[in-house]
Amino acid sequence: MITIKNYINGELVDPANGNYLDNYNPADETVYSLIPNSSEEDLERTILSAKKAFPAWSQLSIDKRSRYLIKVADLIEANLDKLAEAESLDNGKPVSLARKVDIPRAAANFRFFASAIVNESTQAHIMEGVAINYTRRAPLGVVACISPWNLPLYLLTWKIAPALATGNCVIAKPSEVTPYTAFLLSELFIEAGIPAGVLNIIHGKGAEIGQKLVEHKEIKAISFTGGTSTGRIIGTEAAKQFKKVSLELGGKNPVLIFDDCDLEKAVETTVKSSFTNQGEICLCGSRIFIQEAIYEDFRSRFVEKVKNLRVGDPKTEVDLGPLVSEAHLRKVEMYVNEAIAQGGKVLTGGGRLGQAGYFFEPTVIEGLDEYCVINQEEVFGPVVTLVPFKEEQDAVKKANATVYGLAAVIWSQDVQRAHRVAHQIESGIVWVNCWMLRDLRTPFGGMKESGVGREGGSDALHFFTETQNVCIKL
Ligand code: NAD
């Protein structure tokens, strides 16, 4: 049994109240580790530790801060196998995916922001013969980074890296469903010699210790990734104290397949955009809209490929592992049953697999319009729907018929059409003839109920700093 600890003031410590929560292996439903069920006493210790570390860390030269972050990136890379196995054990994703995507990206997050601060410049506005204005950006102080369970280390480091790079001290709250790699990251921070208190990681329940963290008056900004309903609570709390807040929330992403697309590539990539990480990526396409002329052709090729996906033990060569938790499995089952009750036809999949472990078949449903429950609410699992459309405007209307607006994919060989449609889609990210192609300099985030603000590149550097203009009379 592994006992996960909080990381406070440079040390790995037990929760003050001695209480722990069970942490499950989703592949076999056993409890394999214990997580601190932290209380306000632990939170106060993290706040004190971060406040104490802030003056020295924020005044450290950019070059030195950058070197510290590069050390962390190096250590993540050196521990690739260990971290990938831990991520798979905790979350259920195939080890091969964690090795290829999650862990390399966690290292890349630190490397990217270590380099970004060295290359960042600020503005000057010259009033000829009168004055010079220059803009500086100062770190905020102690900030909170709260992350979800689907890409545990990848998304936690996506927040921690820019926050630390810009000179803030961080209190991170990983998901209580997948705390393991955050714990291993704290060990790497100790090994890298990062000054005590610069990063603190507190484990526990979101609605309890997470909420207390958000409400704490010493927290200057909150960077949150998770569900839309949690985002609403956090946004409301943040507004009461005028805290800066960045919200990366849920999605119901459309994939638009036009009849002039490269069908083979569209089918192949749409299988990936539907089922990678068991469909538990906020960027996965879950509503597939296909132009009428190629609907049947797309459907038969797509369903055939989906039937060939391998679901099983995530330690072996599979395409999908189990879903993350029993509660999530029940939620996915509920949505599929609801879709069937509303008249949906299951083309493949549709149910739980096996007796032990939270495995669910890759599922394709047709026969429902864009307004039914499964095309409106986020399932966040291996379930997609196929819906035909007539022409461009019909596709745009159907794609936009949801409260979400995170990501969209367009498949077409017509460049003019791709631009035209992209500009009408209400989503923060549009991919044309590809999916999940990421340049860390680009703005990342959602429109409508998918979020507020953008992460990535200079957006993240700006979020974690306060802008000040200094005007000097000549
Ligand atoms: P969640 O909202 O339940 O939890 C996310 C985090 O918030 C966890 O660490 C949790 O402990 C914490 N939390 C919960 N209640 C809180 C509260 N009241 N105050 C403070 N913290 C609280 O989300 P989840 O189930 O872990 O993740 C799945 C969701 O995340 C999906 O909706 C998915 O779309 C979304 N997501 C979005 C993005 C994006 O970039 N937009 C990326 C990944 C996941």
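The values are calculated or read from the model by the stated rules, or taken from the named source; none is laboratory data. Please read all numbers here as calculations on a predicted model, not as lab measurements. Backbone-built Cβ (ideal geometry, glycine too); neighbour counts: all protein chains shown. Accessible surface areas use protein heavy atoms only, side chains included; no ligands, DNA or RNA. Shrake-Rupley method; radii C 1.70, N 1.55, O 1.52, S 1.80 Å.
For the range 455-474, the set of residues classified as loosely packed, with under 13 Cβ neighbours inside 10 Å and within 15 Å of residue 122 (Cα to Cα) consists of 467, 468, 469, 470, 471, listed by residue number. In the range 98-123, the residues that are assigned to a helix (DSSP H, G or I) and modelled with pLDDT of 95 or more form Cβ pairs under 6 Å with partners that are charged (D, E, K, R) and surrounded by 17 or more Cβ atoms within 10 Å (Cβ to Cβ), at six or more places apart or across chains, as follows: 98/87; 102/87. Restrict the check to the range 377-399 and report whether at least one residue is open to solvent by 50 Å² or more (accessible area, probe 1.4 Å), within 16 Å of the ligand (Cβ to nearest atom), in contact with a strand residue (DSSP E or B) (Cβ under 9 Å, 6 or more places away or on another chain) and in the same structural domain as residue 326 (by TED's automatic domain parsing). The answer is no, given that none of the residues of the range 377-399 is open to solvent by 50 Å² or more (accessible area, probe 1.4 Å), within 16 Å of the ligand (Cβ to nearest atom), in contact with a strand residue (DSSP E or B) (Cβ under 9 Å, 6 or more places away or on another chain) and in the same structural domain as residue 326 (by TED's automatic domain parsing).
Looking at this structure, is residue 236 assigned to a helix (DSSP H, G or I), under 24 Å from residue 444 (Cβ atoms) and touching a residue at least 24 places away in the same chain (Cβ under 8 Å)? No; evaluated as a whole, the condition is false for this residue.
What residue, among those in the range 7-29 that are under 12 Å from residue 42 (Cβ atoms) and outside any loop (DSSP other than H, G, I, E, B), is nearest to the chain's Cα centre (by Cα)? Filtering the range 7-29 for residues that are under 12 Å from residue 42 (Cβ atoms) and outside any loop (DSSP other than H, G, I, E, B), the one nearest to the chain's Cα centre (by Cα) comes out as 7. Whether a residue is touching a Gly at 6+ places or on another chain (Cβ under 8 Å), aliphatic (A, V, I, L, M) and at pLDDT 95 or above was assessed, and residue 196 passes this test.
Output the residue which, of all residues in the range 255-270 that are open to solvent by 10 Å² or more (accessible area, probe 1.4 Å) and under 25 Å from the mean Cα position of the chain (by Cα), is farthest from residue 282 (Cα to Cα). Of everything passing the filter in the range 255-270, 268 is farthest from residue 282 (Cα to Cα). Consider the range 144-174 and keep the residues that are outside any helix (DSSP H, G or I) and of a type outside the set (A, V, I, L, M, F, W, C). The one that is nearest to the ligand (Cβ to nearest atom) is 148. Among residues of the range 420-434 that are not assigned by TED's automatic domain parsing to the domain that holds residue 406 and modelled with pLDDT of 95 or more, none has a Cβ under 6 angstrom from a residue that is of a type in the set (A, V, I, L, M, F, W, C) and open to solvent by 30 Å² or more (accessible area, probe 1.4 Å) at a sequence gap of 6+ or on a separate chain.
The single condition among (1) surrounded by 23 or more Cβ atoms within 10 Å (Cβ to Cβ); (2) in a loop (DSSP other than H, G, I, E, B); (3) more than 25 Å from the chain's Cα centre (by Cα) that residue 93 does not satisfy is (3). Scan the range 58-78 and give yes if some residue there is in contact with a strand residue (DSSP E or B) (Cβ under 6 Å, 6 or more places away or on another chain) and under 26 Å from residue 196 (Cβ atoms), otherwise no. Yes, the range 58-78 contains at least one residue that is in contact with a strand residue (DSSP E or B) (Cβ under 6 Å, 6 or more places away or on another chain) and under 26 Å from residue 196 (Cβ atoms). Taking (1) over 23 Å from the mean Cα position of the chain (by Cα); (2) surrounded by fewer than 19 Cβ atoms within 10 Å (Cβ to Cβ) in turn, residue 70 satisfies each apart from (1). Say we look at the range 416-447 and pick out the residues that are within 14 Å of the ligand (Cβ to nearest atom) and buried (at least 17 other Cβ atoms within 10 Å of the Cβ); which of these is farthest from residue 154 (Cα to Cα)? Only one residue tops the list, namely 427. A count restricted to the range 271-295 and to residues that are open to solvent by less than 10 Å² (accessible area, probe 1.4 Å) and of a type in the set (S, T, N, Q) stands at 4.
Kindly indicate whether residue 270 is without any contact (Cβ under 8 Å) to a residue 24 or more places away in the chain and either in a helix (DSSP H, G or I) or more than 16 Å from the ligand (Cβ to nearest atom) (or both). The answer is no for residue 270. If you check 278, 211 for being near the ligand (Cβ under 8 Å from one of its atoms) and part of a helix (DSSP H, G or I), only one passes: 211. Across the range 227-238, the qualifying residues are those that are open to solvent by less than 20 Å² (accessible area, probe 1.4 Å) and touching a helix residue (DSSP H, G or I) at 6+ places or on another chain (Cβ under 9 Å), and the one among them that is nearest to the ligand (Cβ to nearest atom) is 234. Among the residues making up the range 315-337, a single one is touching a Leu at 6+ places or on another chain (Cβ under 6 Å) and within 12 Å of the ligand (Cβ to nearest atom): 323. Of everything listed in (1) in contact with a Ser or Thr (Cβ under 7 Å, 6 or more places away or on another chain); (2) surrounded by fewer than 22 Cβ atoms within 10 Å (Cβ to Cβ); (3) under 21 Å from residue 7 (Cβ atoms), the single unmet condition for residue 118 is (3). The set of residues in the range 239-261 that are away from the ligand (no atom under 11 Å from the Cβ), assigned to a loop (DSSP other than H, G, I, E, B) and touching a residue at least 60 places away in the same chain (Cβ under 8 Å) comprises 258, 260, 261. Within the range 175-198, track down each residue that is more than 16 Å from the ligand (Cβ to nearest atom) and not in a helix (DSSP H, G or I). Hits for the range 175-198 are 193, 194, 195, 196, 197, 198. Within the range 180-223, if we keep just the residues that are within 17 Å of the chain's Cα centre (by Cα) and open to solvent by 10 Å² or more (accessible area, probe 1.4 Å), the residue that is farthest from residue 455 (Cα to Cα) turns out to be 180.
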